[in-house]
Amino acid sequence: MGVAAENVAARFTVSRERQDASALRSHRRALAAAEAGLFAGEITTLETSAGPISADDGPRHGLSAAVLKRFPPAFVPGGTVTAGNSCFDADAASAVVVTSLQRARELGAADGLLVLATDTAGVDPELLGIGAAVAAERLLQARGLAAASVDLVEFNEAFASQTLACLDRLGVDPERVNLDGGALALGHAYGASGAVLVARLLAQARRAGNHGSLALALISIAGGMGTAALLRYELLSGAH
């Protein structure tokens with residue numbers, strides 16, 4: 001996958017400088033979000049023999065542009081993808097409840113994300129990182145929407161190169177994505193990352209408090225696949 005990330009960087013002209021800047025932005029946003037307590041409502045404390053764990057240990061306080069610049073290419077000699085602008089493996093779990101609006105109201109849910117549409121696409125495995133953009137293009141075109149018109153976007157940042165290539169293709173400003181940091185800072189928990197994206201979007205939609213706002217979750221998958229989900233924030237206390 002590291003070699004494929006290099007392929008994506010080369011094919012879609014994503015520079016080392018942009019990749020490093022994206023990684024630094026992710027770390028700084030994650031640190032700021034943690035300091036502001038924005039993750040507190042989403043994390044369940046784990047009791048371990050070494051003591052309780054109630055925060056992610058991924059974001060690096062000491063990371064800077066100068067530090068990132070010192071990282072050597074990790075996968076291809078002379079390449080641009082490094083350990084600094086790639087995600088790290090993370091142990092984590094995430095859970096979401098998928099149900100009908102009627103059942104959600106019966107359970108007393110005050111709000112939620114309504115699933116409007118999903119799509120999964122297959123691409124050249126050597127360019128696997130672009131899969132999420134292809135899936136999102138089809139999904140949005142079917143709904144007559146432009147990605148830039150979506151209010152909230154979360155992209156699983158496996159590599160900065162693929163994140164930027166997908167957002168460029170969709171016409172989405174990277175500054176609007178992963179508002180509280182992403183996998184470059186928090187890690188990529190295999191099997192949990194998709195649910196993490198949805199949990200993050202729900203938390204952000206709640207903060208904004210904008211009923212009816214649209215959210216887009218994107219993830220590229222090893223082997224040449226990509227998945228996208230279009231969601232809408234709904235208040236469930238009244239009739240909608």
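Scanning region 148-161 for residues that are out of contact with any Phe, Trp or Tyr (no Cβ under 9 Å at 6 or more places or on another chain) and surrounded by 22 or more Cβ atoms within 10 Å (Cβ to Cβ) turns up V153, E154, F155, N156, E157, A158, F159, A160. Number of residues in region 2-47 that are part of a helix (DSSP H, G or I) and within 13 Å of L186 (Cα to Cα) equals 12.
For region 103-129, filtered to residues that are in contact with a helix residue (DSSP H, G or I) (Cβ under 6 Å, 6 or more places away or on another chain) and closer than 16 Å to S220 by Cβ, the residue that is surrounded by the fewest Cβ atoms within 10 Å (Cβ to Cβ) is E126. Taking the criterion of being over 13 Å from the mean Cα position of the chain (by Cα), under 19 Å from Y190 (Cβ atoms) and either assigned to a strand (DSSP E or B) or among the basic types (K, R) (or both), the only residue of region 220-230 that qualifies is M225.
Listed here are the residues, each with its yes/no results for (1) more than 23 Å from F12 (Cα to Cα); (2) of a type outside the set (A, V, I, L, M).
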residue: A135; (1), (2): no, no
residue: L140; (1), (2): no, no
residue: R143; (1), (2): yes, yes
residue: A146; (1), (2): no, no
residue: L164; (1), (2): no, no
residue: D173; (1), (2): no, yes
residue: G191; (1), (2): yes, yes
residue: G194; (1), (2): yes, yes
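Residues checked against (1) in a helix (DSSP H, G or I); (2) of a type in the set (V, I, T); (3) under 12 Å from the mean Cα position of the chain (by Cα):
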residue: L184; (1), (2), (3): yes, no, yes
residue: V198; (1), (2), (3): yes, yes, yes
residue: R207; (1), (2), (3): yes, no, no
residue: L218; (1), (2), (3): no, no, yes
residue: R232; (1), (2), (3): no, no, no
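Among the residues making up region 186-196, those that are in a helix (DSSP H, G or I) and not hydrophobic (A, V, I, L, M, F, W, C) are S193, G194. Going by the conditions given, is V177 surrounded by 22 or more Cβ atoms within 10 Å (Cβ to Cβ), in contact with a strand residue (DSSP E or B) (Cβ under 7 Å, 6 or more places away or on another chain) and free of Cβ contacts under 8 Å to residues at least 40 places away in the same chain? The answer is yes for V177. Looking only at region 84-103, filter to residues that are outside any loop (DSSP other than H, G, I, E, B) and touching a Phe, Trp or Tyr at 6+ places or on another chain (Cβ under 9 Å); which one of those is farthest from A9 (Cα to Cα)? Ranking the candidates gives D89 first. Consider A199 carefully, then state whether it is over 22 Å from T82 (Cβ atoms), out of contact with any strand residue (DSSP E or B) (no Cβ under 6 Å at 6 or more places or on another chain) and of a type in the set (A, V, I, L, M). Yes; evaluated as a whole, the condition is true for this residue.
Residue-wise test of (1) surrounded by fewer than 23 Cβ atoms within 10 Å (Cβ to Cβ); (2) touching a Gly at 6+ places or on another chain (Cβ under 6 Å); (3) within 19 Å of L101 (Cα to Cα).
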residue	(1), (2), (3)
A185	no, yes, no
A189	yes, no, no
R206	yes, no, yes
H211	yes, no, yes
L218	no, no, no
T227	yes, no, no
Y233	no, no, yes
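Picking from residues in region 104-130 that are assigned to a helix (DSSP H, G or I) and either aliphatic (A, V, I, L, M) or modelled with pLDDT of 95 or more (or both), the one that is farthest from G171 (Cα to Cα) is A104.
Within region 48-83, the residues that satisfy the criterion of being out of contact with any Phe, Trp or Tyr (no Cβ under 8 Å at 6 or more places or on another chain) and outside any loop (DSSP other than H, G, I, E, B) are T48, G51, P52, I53, A65, A66, V67, L68, K69, P73.
The values are calculated or read from the model by the stated rules, or taken from the named source; none is laboratory data. All figures in this text were calculated on a predicted structure; none of them were measured in a lab. Note that each Cβ is placed from the backbone with ideal geometry, even for glycine, and that neighbours are counted across all protein chains shown.
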